[in-house]
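Before any comments, here is the structure.
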Amino acid sequence: MTDDVFAGRQPICKEKAEVVGYELLWQQNGLAEAAFKDQDRAVAADLVKSAIDTGLDKLAGQDLAFVKITRDFLLNDFCSSLPRERVVLEIPSDTTVDRPLVHSIAKLSNNGYAIALDNFVGGDQIRPIAEFVDIAKIDIQEGDYEATVRQFISLRQFNVKLIAENVETRAEFEFCRKLGFDYYQGFFFCKPDVVTHKKIPFNRLSTLHLLAKLQDPDISLQDLESAVAQNLAIAHKVLRYLNSPALSFPQQIESIRHAVMLVGTRLLSHWASLAMLESIEDKPRELMVTAMVRANMCRELGAALSQKNVDQFFTVGLLSVMDALLDRPMQEALRVLPLADNVKHALVDHEGLLGEALDCIKAYERADWQKARCADLDEKIIRRAYLTSVVSSRDMMQAFLN
């Protein structure tokens, strides 16, 4: 089912950008629509459950999944087939709240399901179901700051956690944080904190120079070994990933040289790059996850387009968070790195096929499905590239942390 509709996710974070879950995003709520076109209720239920289970496994992993559900979905009791410990059931603001709906929500709540309301505008709308609701979301892009404050005050009277939705800039995050939201949804952590403009720590700069060196498509085995060996922790992480169940090599890999013999210089350079990025401290882990997903998806798109420079596609995705890592505008951040001009132009001006691939990925992250396009690639290829990248990035991150 995830091959038939666009399926994505957006992180929901605490104040320090620690992820508490992901909202699963479906093109035009395609899952619910597909289910109710089928007249056989049992088949429809199996269809929806299969699709969401796939989404849970691939997109959310072990984190909570916020799943937007329709009124029909609620009234037909499809929710009861979902794992209550893994999902938060999210009810859209245009849902009619009447006695049948209240009964369905009460039943789910009493059975241990967490209930969230998406952008309900005020107390009158929420009051009939308030005792069963755990979370309320406020879309801060729906109005100005004053409207957000009024909606916040209106919903704060109820015993619910509040999520600021569509938080896209540092300024918006600071506004929401000071107002007192409990959680934040959006990609604000991918934006640089240019206000502070602190000096770049030497160890971070050193790591990034090493990272740039690994992007050289002609790097030799000796240079690769030397680069990775400069940081024993990185070498250890790379070897740990190579020996993890995610790859299942038939023999134990004991050295970087041995690894190169098995997987090649470029692939090992990519993995070492991701390990270096993950090791950077004082930045949200989800920023590193985003970089990993973008790098892997860019490489997938480049390969699907039969491009010879797939390594540069990987580099563009990987370094697309450089401004956030250094808290500098992208053009300034890239001055410290020796990169090819076409890579820099893709990152700063979104030029060429490299820039088009990056734009496609960023649109996918925002669930802007109409703009999630890259050259003449089929939609299914783009969807598959995203899901594959999310799964492989999570496997890699888990191996690095174990």
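The values are calculated or read from the model by the stated rules, or taken from the named source; none is laboratory data. Computed from a predicted structure; not experimentally measured. Please note: Cβ atoms are built from the backbone with ideal geometry, for glycine as well, and neighbour counts cover all protein chains shown. Just the protein is used for accessible areas: all its heavy atoms, side chains included, with ligands, DNA and RNA removed. Shrake-Rupley method; radii C 1.70, N 1.55, O 1.52, S 1.80 Å.
Scan segment 64-122 residue by residue and report those that are among the basic types (Lys, Arg) and either within 30 Å of Glu18 (Cβ to Cβ) or in contact with a strand residue (DSSP E or B) (Cβ under 7 Å, 6 or more places away or on another chain) (or both). Selection gives Lys68, Arg84, Arg86. Condition test on Asp118, is it in contact (Cβ under 8 Å) with a residue 40 or more places away in the chain and within 21 Å of Ala164 (Cβ to Cβ)? Yes, satisfied.
The residue of segment 148-181 that is surrounded by the most Cβ atoms within 10 Å (Cβ to Cβ), among those that are assigned to a helix (DSSP H, G or I) and among the aliphatic types (A, V, I, L, M), is Leu155. Of the candidates Ser273, Ser248, the single residue that is closer than 21 Å to Arg394 by Cβ and either touching a residue at least 12 places away in the same chain (Cβ under 8 Å) or open to solvent by less than 30 Å² (accessible area, probe 1.4 Å) (or both) is Ser273. Taken over segment 129-143, the criterion of being more than 26 Å from the chain's Cα centre (by Cα) and acidic (Asp, Glu) is satisfied by Glu131 alone. Looking at Gln185, Gln141, can you tell me which residue is of a type in the set (S, T, N, Q) and surrounded by 22 or more Cβ atoms within 10 Å (Cβ to Cβ)? Going through Gln185, Gln141 in turn, just one is of a type in the set (S, T, N, Q) and surrounded by 22 or more Cβ atoms within 10 Å (Cβ to Cβ): Gln185.
Would it be correct to say that Lys283 is open to solvent by 30 Å² or more (accessible area, probe 1.4 Å), without any contact (Cβ under 8 Å) to a residue 40 or more places away in the chain, of a type outside the set (Ser, Thr, Tyr) and not in a helix (DSSP H, G or I)? So Lys283 does not fit the description; no.
Of all the residues in segment 202-223, those that are assigned to a helix (DSSP H, G or I) and modelled with pLDDT under 75 number 13. Remark: pairs (first residue in segment 331-354, within 12 Å of Ala212 (Cβ to Cβ); second residue basic (Lys, Arg) and part of a helix (DSSP H, G or I); Cβ separation under 6 Å; 6+ apart in sequence or on different chains) = Leu334/Lys344. Within segment 315-334, if we keep just the residues that are over 18 Å from Arg294 (Cα atoms) and among the acidic types (Asp, Glu), the residue that is surrounded by the most Cβ atoms within 10 Å (Cβ to Cβ) turns out to be Asp327. Scanning for something part of a loop (DSSP other than H, G, I, E, B), touching an Asp or Glu at 6+ places or on another chain (Cβ under 6 Å) and open to solvent by 10 Å² or more (accessible area, probe 1.4 Å), does segment 111-119 turn up at least one residue? Yes, some residue in segment 111-119 is part of a loop (DSSP other than H, G, I, E, B), touching an Asp or Glu at 6+ places or on another chain (Cβ under 6 Å) and open to solvent by 10 Å² or more (accessible area, probe 1.4 Å). The residues in segment 56-87 that are assigned to a helix (DSSP H, G or I) and crowded, with 20+ Cβ neighbours inside 10 Å can be counted, and the count is 7. All conditions but one from (1) over 23 Å from Leu25 (Cα atoms); (2) open to solvent by 60 Å² or more (accessible area, probe 1.4 Å); (3) not aromatic (Phe, Trp, Tyr) apply to Leu337; the one that does not is (2).
The residues of segment 301-314 that are assigned to a helix (DSSP H, G or I), in contact (Cβ under 8 Å) with a residue 24 or more places away in the chain and either in contact with a Pro (Cβ under 7 Å, 6 or more places away or on another chain) or open to solvent by 30 Å² or more (accessible area, probe 1.4 Å) (or both), listed by number, are Ala304, Asp311, Gln312. Identify, by number, the condition in (1) in contact with a Lys or Arg (Cβ under 7 Å, 6 or more places away or on another chain); (2) open to solvent by 70 Å² or more (accessible area, probe 1.4 Å) that Asp94 doesn't meet. Going through (1) in contact with a Lys or Arg (Cβ under 7 Å, 6 or more places away or on another chain); (2) open to solvent by 70 Å² or more (accessible area, probe 1.4 Å) one by one, Asp94 breaks only (1). Taken as a whole, segment 290-297 holds no residue that is surrounded by fewer than 22 Cβ atoms within 10 Å (Cβ to Cβ) and either free of Cβ contacts under 8 Å to residues at least 12 places away in the same chain or within 16 Å of Leu358 (Cα to Cα) (or both). Annotation: Thr265 fulfils all but one of (1) modelled with pLDDT of 80 or more; (2) over 28 Å from Val20 (Cβ atoms); (3) of a type in the set (Ser, Thr, Tyr); the unmet one is (1). Scanning segment 315-358 for residues that are at pLDDT 90 or above and outside any helix (DSSP H, G or I) returns His350, Glu351. For Asp359, indicate whether it is closer than 23 Å to Gln307 by Cα and loosely packed, with under 15 Cβ neighbours inside 10 Å. No; evaluated as a whole, the condition is false for this residue.
Contact map, segment 135-157: first residue on the phi < 0 side of the Ramachandran plot, second residue among the β-branched types (Val, Ile, Thr) and open to solvent by 90 Å² or more (accessible area, probe 1.4 Å), Cβ cut-off under 7 Å, separation 6 or more or different chains; pairs are Gln151/Val121. One residue stands out among those in segment 228-245 that are open to solvent by 20 Å² or more (accessible area, probe 1.4 Å) and assigned to a loop (DSSP other than H, G, I, E, B): the one that is modelled with the highest pLDDT, which is Asn243.
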